[in-house]
Protein chains: 4
Amino acid sequence: MSEATTTLFAEPAETEVQKVNHLPKEALTASTMKALVYHGPGKRAWEEKPRPAIKDSSDAIVRITTSTICGTDLHILKGDLPTVTDGRILGHEGIGIVEEVGPGVSSFKKGDKVLVSCVTACGKCDFCRKSMYSHCRHGGWILGNTIDGTQAEYVRIPWADTSLYAIPPDADEEALVMLSDILPTGFECGVLNGQVKPGDTVAIVGAGPVGLAVLLTAQFYSPATIFMIDLDDKRLKVAKELGATTLINSADGNAVKRVMELTDGAGVDVAVEAVGVPATFDICQAIVAAGGRVANVGVHGKPVELHLEKLWDRNITLTTRLVDTVTTPLLLKVVQSGKLQPRKLVTHRFALNDIMKGYDTFSNAAAESALKVILKSETPR
Amino acid sequence: MSEATTTLFAEPAETEVQKVNHLPKEALTASTMKALVYHGPGKRAWEEKPRPAIKDSSDAIVRITTSTICGTDLHILKGDLPTVTDGRILGHEGIGIVEEVGPGVSSFKKGDKVLVSCVTACGKCDFCRKSMYSHCRHGGWILGNTIDGTQAEYVRIPWADTSLYAIPPDADEEALVMLSDILPTGFECGVLNGQVKPGDTVAIVGAGPVGLAVLLTAQFYSPATIFMIDLDDKRLKVAKELGATTLINSADGNAVKRVMELTDGAGVDVAVEAVGVPATFDICQAIVAAGGRVANVGVHGKPVELHLEKLWDRNITLTTRLVDTVTTPLLLKVVQSGKLQPRKLVTHRFALNDIMKGYDTFSNAAAESALKVILKSETPR
Amino acid sequence: MSEATTTLFAEPAETEVQKVNHLPKEALTASTMKALVYHGPGKRAWEEKPRPAIKDSSDAIVRITTSTICGTDLHILKGDLPTVTDGRILGHEGIGIVEEVGPGVSSFKKGDKVLVSCVTACGKCDFCRKSMYSHCRHGGWILGNTIDGTQAEYVRIPWADTSLYAIPPDADEEALVMLSDILPTGFECGVLNGQVKPGDTVAIVGAGPVGLAVLLTAQFYSPATIFMIDLDDKRLKVAKELGATTLINSADGNAVKRVMELTDGAGVDVAVEAVGVPATFDICQAIVAAGGRVANVGVHGKPVELHLEKLWDRNITLTTRLVDTVTTPLLLKVVQSGKLQPRKLVTHRFALNDIMKGYDTFSNAAAESALKVILKSETPR
Amino acid sequence: MSEATTTLFAEPAETEVQKVNHLPKEALTASTMKALVYHGPGKRAWEEKPRPAIKDSSDAIVRITTSTICGTDLHILKGDLPTVTDGRILGHEGIGIVEEVGPGVSSFKKGDKVLVSCVTACGKCDFCRKSMYSHCRHGGWILGNTIDGTQAEYVRIPWADTSLYAIPPDADEEALVMLSDILPTGFECGVLNGQVKPGDTVAIVGAGPVGLAVLLTAQFYSPATIFMIDLDDKRLKVAKELGATTLINSADGNAVKRVMELTDGAGVDVAVEAVGVPATFDICQAIVAAGGRVANVGVHGKPVELHLEKLWDRNITLTTRLVDTVTTPLLLKVVQSGKLQPRKLVTHRFALNDIMKGYDTFSNAAAESALKVILKSETPR
């Protein structure tokens, strides 16, 4: 979030904030914290950092109780995201306890348990008014990107009222932390944009955590068939357990042929790209039926070749989307009803203090059969 | 807005606010203002009242430059709305200049010209997140209802960031003040809920200001035919000028018969109820075609008889709605493009100081051929 | 179907048809059949009738293998439907084998197994082009109403190409005959019109066969909560087995109070009326949340009082619909995928020859715990 | 239309048809007609051909009174469409009088004036049921492609009931013949797929006849701004007359820059590609705003490079479509209401007998300032 665009507190307020900071006993004894810090390509450290403080009227400070690692964090560590600079605390997923709020915050107070959304939304700009929080003029994906993130003992959340979600004190944190990013991403970018309907034939290309989130949430709409396509048989096996009706290992280069055979040449109603490379996009555009949808979820680093010479008269719809997290309240209700069990995506658990090991495991996902790695704070209250 | 549900400033903040109030020079010289005050059924006065001050972090104080009177204000004066109590300043429409903002306001600053929305939206609650600002848990229609309104020299606007709209300094205030209530009401409750489409046959029952707002905005979607139905030939004549294709005076009780004849017995795709009494609702349910929509805009005080024994198999959709004012940005763009000319609804102009005469005229709308009455501040800057 | 609106074959064609009728061997030996015939209020008989023959180019003759009885048939027997006259063969649900087709039929041929839709659609008129088959200008609900129906050994189906659906030779007829009427009715009029979404709170008022069809198909969209409201504990018990999350017996008059308590005063996102009397409609309008939908499925014989004085500002949508059976292909896919098991609605089975007993049972549904009664032909091939 | 998939008349019927053919007097005296015939790349002739006769039950024979030439006809003449073979009569647009119908035709009779749709729809298959007539399993775009077309004195129209549209005897044929292809194409593929809304900013790339059809029909929805982008100033001038608000000649390579400047860097809500080459597609993908739509209308012969590395997080929707002509009834109503004046696209008129000159003019569109060329039959009745 660009400092220029936020409402900086005028002096009297700053004083007030400082006073508030001085009040809690634990705050007095601990003005630093531990955090996972990026130090340029390939370099990360679990190190001492100053504890964040309220800067803007709309801020909240959250003590992290559960966090996790995203594939995007690995991209950052490769140096792929120039917006992330040396010294940045990573992480955009988490659950925690509100420690303190700015005077503009009206929905949360100290002690509330909250889910942190990976997308920060001011709730006021033209994009937020259109529920396109991903493009919020004062937020969007900034946590662990342009401002410090959630892989830390504490995090500052700007625009807290519209970027945090209240959850019950006894909530299943391992399940709900999947709602910070991965489940709304799969649901909004894959399922909603793909317009999955009862009776549909759906193909999901990529059985990583996000592809599996598409798989879980596609079932909200009772498609008749879900093809899961991946190179890794272990992941495909997980997909089967999570509801895929047909598994296709694309290693032999025959995925398109298989899908077309299995659909009597018609192709699929919805093809979801959940990898982010030209080869998987190509599968999607080759298998989409006339009148079908290609929903892109993957993060792409290169252009793709779009076969408009074949598709111009096929009545297809192709969508892209950065998750808006507008469906977080809906997903919370569906989890609560028992119809969605996000815990199924969790394969490993570490103490937040052991996050360096967590990264080692997650970076080696294929060998470790890792999907989502839970990081659990053990800070005594 | 119920005081209980708003975030009252804690003491240190109150002090701060008071200080801010003392700063502006004009504030020092004028701690009172003139306002149109309701004093129980049939009683209104243009009298001295304390000037409003910032109470909550999200407030703005707006100096009114243009206001107007709504049919709802007349209802209030009849004593029909128990939520409005003795001493209340009326008015929920207006344009003005921001005088002061609370510390939680980030989108506006002193000196900005703004349109006041008749609906106050916190932008944070579950209803606001669903763009149902009308049911905002901390707002909704509160101005001139449960808190003081815009028929005054100054007004306090809670949740200013999401309840005010920036307009250019040289904006046509007479045109834009129609966007406080009447145009979004006609557009959202009548046209959008009625799903007007190109080529449609539309009937609007009631050619008062709101019915005419439906008429103006229905034309955004190029319906083929617009029947305007009313008892008053003068209003029907205005409707003709504003784009109605067929006028039907319903005084003879044959409106339904006429519409059915003119549609070869099919009825209309969209019937908009813009009066609020059983008789006009009955016309709507009698003329809606199979597969059609009845969009209720009128404020009803009594139940109606719904002929489900005739309609159960007619595939109709009936909607109700309190305006959400979610389309205000869209309407601002359409006015700016010249495709909507709301000034056409203005028939009379008074100085704000002469608002008592304005009410006399508007209360006697039929005889005075009054539609919208503009109230213009003459306060020197 | 009004004779006036159909394309009667010119003379040479009639001759042709007659010839065709004479060709099949079985036709020669059997020019009559048994059928359930209406003879005025309270009178029905299983009697000899002439076997139907092709009359129009688009006709098919279907030999019925499975049929069932609908609540509407009981209404007819009470004399409630003046369109049904003495001598009419009842029934609008069925599965069978195509015996013969007119020269305009291109999608079916002798020997095909087909599902008969309760709605006949010409596929050509303005309503059919808009997928409103229920209002087809040459069809709609005519079977067992204005033309002879399916509770017979043979039935003539006009506009066969767009009124029959191909099913596999080995299809589960007991399951699929539920797709003639009850499942598309529950799905289209209740679930689709009610816009059920993941996480929604849904209330279904009426646990008869159609209400249970709403219950089964609502689950395609993963609502979080489904209240089932009825007077009969036995039916509520069935609803529990079929997926209702909360049962409310409305006999004590506290159904509205219960729903409001259970929803913390908010009411339900979707209220489905599946009975057809003012009392159940009243429950629906009292429990619908702001922004919610009331989807009427019931067949109403009287007007209802609609509380517009309470609902005008609640942003609700109320829909009515005669089933269009446009979702039949979708439902066939969902049944095939195993995600919908319509057999659960079947409680009794009779030979078609014993249809008089079937009616006795179904007419006494409460005592017999009857939902759907299957009628199975035993005609040897 | 593949012969294999149609219902060929059985013998007795054939006889009947033959008899009908013999009845009309004019048929006896004229068993041949003149037609524009394709004879391989670059070769066309206005020559004698047998008059078409009813082949299938659903056929109609139409005597052409008005036809026109499409850009696609020029593509065919270049040899670009391998489906079009030597001897084929070209043309898929036309208005005429029904001369004769097959026994399966129920909506038309001899003497009716009709509009021929460029898309033939059986009305029965799965695609037609979904209103995707373009992909009809027995039709689609076949006229002047795989079966003989409308640039002739007579044409056979299969599935006449769902492929012809009744128009009044005194209809403005020059206006309505634009509804055979160009207007539904612009409207469905450009405007509806682009989801043009009131207040939107729209860019249309390509001011040829189809781009201008997008321009005319986009105005049904009252966008605030319409940029028209083309290389030809003469066409841009026409666009201005037809409602474009801003003209951009892209010859200097700065079209993208201009659009971004004029939209303050935001880009457009809707970008319509109406040319069919990579360069114009590139403009569209470069100017679409976050949350915007790219609607492809152009016929593409080559793949394009899609910049997913820039677009993956921009929440855009890209659509392709072959016109379904499902909006023909709507367009007929809008023309009738005077809100659409398709005659504005007509620049030249020829007798049908002079069609060879008509082709010369249309092939040289830039120099001749040609948009649509009307071909008018002068056959005496």
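The values are calculated or read from the model by the stated rules, or taken from the named source; none is laboratory data. Here the structure is a predicted model, which is why all the values come from computation and not from measurement. All Cβ positions, glycine included, derive from the backbone under ideal geometry; neighbour counts span all protein chains shown. Areas reflect the complete protein model, heavy atoms only, side chains present, ligands, DNA and RNA absent. Shrake-Rupley method; radii C 1.70, N 1.55, O 1.52, S 1.80 Å.
Numerical summary
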{"item": "Environment charge of B:A175, counting only residues whose C-beta is closer than 15 Å and scoring Lys/Arg +1, Asp/Glu -1", "result": "+2"}
{"item": "Whole-Hz couplings from phi, Karplus 6.51/-1.76/1.60, listed for the stretch D:363-374; x for Gly and Pro", "result": "5, 10, 4, 4, 5, 8, 6, 8, 10, 9, 10, 8"}
{"item": "Shielding by partners - mean other protein chain Cβ count within 10 Å, residues of B:316-324", "result": "6"}
{"item": "Accessible area in the full protein assembly, largest first, 1.4 Å probe, for A:L164, D:L322", "result": "D:L322, A:L164"}
{"item": "The protein assembly as shown - share of DSSP beta bridges that are antiparallel (%, nearest 5)", "result": "55 percent"}
{"item": "Under Karplus coefficients 6.51, -1.76 and 1.60, residue-wise ³J(HN,Hα) of the stretch C:160-176 in Hz, glycine/proline x", "result": "4, 4, 10, 10, 10, 10, 5, 10, x, x, 9, 4, 7, 5, 5, 6, 6"}
{"item": "Positive minus negative residues near B:H39 (Lys, Arg vs Asp, Glu; Cβ under 13 Å)", "result": "+2"}
{"item": "Debye, to nearest 20: dipole size of the stretch D:240-381, +1 on Lys, Arg Cβ, -1 on Asp, Glu Cβ", "result": "700 debye"}
{"item": "Between 0 and 90°, nearest 10: helix C:278-287 axis offset from chain C longest Cα axis", "result": "50 degrees"}
{"item": "Furthest towards positive pole of dipole, D:V277, D:F350, D:A251, structure part the stretch D:231-381, Cβ charges", "result": "D:F350"}
{"item": "14 Å beta-carbon shell around A:G267, net charge (K/R +1, D/E -1)", "result": "-1"}
{"item": "Calculated [θ] (222 nm, deg cm²/dmol) that DSSP helices of n ≥ 4 give over chain A, each run adding -39,500 (n - 2.57)", "result": "-6500 deg cm²/dmol"}
{"item": "Under the Karplus curve 6.51 cos²θ - 1.76 cosθ + 1.60, θ = phi - 60°, whole-Hz ³J(HN,Hα) for the stretch B:233-244, x wherever Gly or Pro sits", "result": "5, 5, 5, 5, 4, 4, 4, 4, 5, 8, x, 5"}
{"item": "Separation between Cα centres of the stretch B:227-253 and the stretch B:339-381, rounded to whole Å", "result": "22 Å"}
{"item": "Rounded Å value of the spacing that divides the Cα centres of the stretch D:290-323 and the stretch B:90-124", "result": "39 Å"}
{"item": "Built amide H within the under 5 Å cut-off of D:L375, gap 5+", "result": "D:S67, D:T68, D:F350"}
{"item": "Probe 1.4 Å, accessible area per residue of chain D, Å²", "result": "36 Å²"}
{"item": "0 to 90° range, to nearest 10: angle between helix D:11-22 axis and chain D longest Cα axis", "result": "90 degrees"}
{"item": "Accessible carbon and sulfur surface of the stretch C:184-319 relative to its total accessible area, %, 1.4 Å", "result": "53 percent"}
{"item": "Total accessible area lost when C and B pair, probe 1.4 Å, Å² to nearest 100", "result": "2800 Å²"}
{"item": "Residue pairs, from the table A:K49/A:K113; B:K55/B:K357; B:K310/C:K49, whose Cα atoms sit over 30 Å apart", "result": "B:K55/B:K357; B:K310/C:K49"}
{"item": "Cβ-placed point charges (K, R +1; D, E -1), dipole of the stretch A:184-319 about Cα centre in debye, nearest 20", "result": "160 debye"}
{"item": "Amide H within-cut-off set for C:V288, under 5 Å, with H built and near neighbours excluded", "result": "C:V268"}
{"item": "Dipole in debye (nearest 20) - the protein assembly as shown, about Cα centre, beta carbon charges: Lys, Arg +1; Asp, Glu -1", "result": "20 debye"}
{"item": "On Cα atoms only, tilt of B:209-218 relative to the major axis of chain B in degrees", "result": "70 degrees"}
{"item": "Long-range amide H partners of D:H92 with built H, under 5 Å", "result": "D:T150"}
{"item": "Mean Cα-pair separation over length for the stretch D:242-326, i.e. relative contact order, pairs under 8 Å, 6 or more apart, %", "result": "25 percent"}
{"item": "For B:L231, label point 7 Å along C-beta direction: distances to other copies, nm", "result": "4.2, 6.6, 7.7"}
{"item": "Share, in percent, of DSSP beta bridges within chain C that are antiparallel, nearest 5", "result": "55 percent"}
{"item": "Choice from B:A53, B:A35, B:A171 showing the highest fluctuation, given a GNM over chain B with Cα pairs closer than 10 Å", "result": "B:A171"}
{"item": "Chain D: relative contact order in percent, alpha carbon pairs under 8 Å with at least 6 residues between", "result": "15 percent"}
